[in-house]
1. What residue, of B:Met145, B:Met132, is surrounded by fewer than 13 Cβ atoms within 10 Å (Cβ to Cβ) and within 20 Å of the chain's Cα centre (by Cα)?
2. Considering (1) part of a helix (DSSP H, G or I); (2) surrounded by fewer than 17 Cβ atoms within 10 Å (Cβ to Cβ); (3) at pLDDT 80 or above, say which one B:Gly176 fails and leave the rest.
3. Considering only residues that are more than 8 Å from chain A (Cβ to nearest Cβ) and part of a helix (DSSP H, G or I), look in the range B:191-219 and name the one that is surrounded by the fewest Cβ atoms within 10 Å (Cβ to Cβ).
4. Considering only the range B:109-140, state which residues are closer than 21 Å to A:Ile11 by Cα and among the aromatic types (Phe, Trp, Tyr).
Amino acid sequence: MKGKDLINIGIFSAIYFVIVFIIAMLGMIPIFLPLLSVLVPIIGGIPFMLFLTKVRKFGMIWIMSIIMGILMLLTGMSWPPLAVSLFTGLIAELIYKSGNYKSAAKAVITNGVFSLWVAANYLPLFFAAEKYWASRQNFGQDYIDTVTKLMPTWMCPVTFIVAFLCGIIGGLIGRRLMKKHFEKAGIA
Amino acid sequence: MAGLFTADIENRGLVLDPRTKLIVMITLVVFALGGTGSDIETVRYGTTALSILPLIFLMTAKQYKKAAVFGSLYALIKSAEIFLVPHITGAVLSVIGLCCLIFVRLMPGLIMGAYMLSSTTVSEFIAAMHRMHIPQQITIPLSVMFRFFPTVLEEFAAINTAMKMRDIRIGGKNAGKFIEYRLVPLMVCSVNIGSELSAAALTRGLGTKVKRTNICKIGFHIQDIAVLLLTAALYMLWILGMIGVVK
């Protein structure tokens, strides 16, 4: 990997994170919070598909994934995104590598796997829930029941699946835009 | 929004080492967001006390407006959690309860993140990462990224204005093209700026095998030690609580 590759990673991470950031602003309205794992993979898929055309060497997708995790840590979203992005980034990398960094179909799947880190942002809200309730017994069983009903544990795998599927959709949209704009312009 | 990613060094009063900020951040994430030790009462008070620390940091950096907005928002939600939530039931409870649950835990980390981004220069950040032996493969993309944020936002604002003139906006005639007509130009110009940036980076010796030097002097000073002792105190409380010395 040369300096140019690393700079490319930086540039696309910046575009991707600006998109994440703008969408996360929407997430400040609680109803939009679950939509994060829908919108980020779809809209982020567009720059990510362009990034994939620049990937020629092993490690580029992995590094971008780790950087997303580090950014989540820096902006106060806890460590689970970093832990998850370490793995999903490597898997995404291996998937794209198996197509010799060229296969369009595999690029779409790569975006799906890459997007899984978005869902990991919710993990603390699921896993630390019990400890949270333990300290709030005095709020009454009623309170605990209503809130756990809204955030049941089975929602956790669902957010991951949603992120993956939306990643595939985002990949397909990105693919279409790529054909329409970038290949003509000679950028992709 | 561009001000969010660019550090204002002239106005920051209390200079903390980037590593100190990182440790405070991790501590906040562990206790406030992760809810570690929230079954021990003293630790719970300690966590609340530490959650106020980022606000003090913002004050020392003369970002009074930001501190006031964040501080009042946090106070409002925290008091709603303490006083309002135990007295309501039904559907209102689930909505307000969930909002409180999410915000009270996210806010301290978010405030710390806002402070960290606005008070650390890219150079300092890289120097700190280097001292922590983070490989170049991570630090170069990260530094490019931080350098690139203001550019992306600037370009995005310009493209946004242009597209609004063509009535491509939410609620406009061409709302369906909203995302495509913004992202595509943004990516095209980013790729061009990127190739210029890589040429510039070559002249600065990025990506070579030699060890780079850094002009920034970072290190732990008295204020760092004070902050670190405060965070250590919270961990101590937690350990004491686990043993059963304090409740």
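1. B:Met132
2. (3)
3. Taking the candidates together, the pick is B:Thr203.
4. Once the filter is applied, which keeps residues that are closer than 21 Å to A:Ile11 by Cα and among the aromatic types (Phe, Trp, Tyr), the range B:109-140 yields only B:Phe125.
The values are calculated or read from the model by the stated rules, or taken from the named source; none is laboratory data. A quick note: this is a predicted structure, and the numbers were derived from the prediction, not measured. Cβ atoms come from the backbone with ideal geometry, glycine included; neighbour counts cover every protein chain shown.
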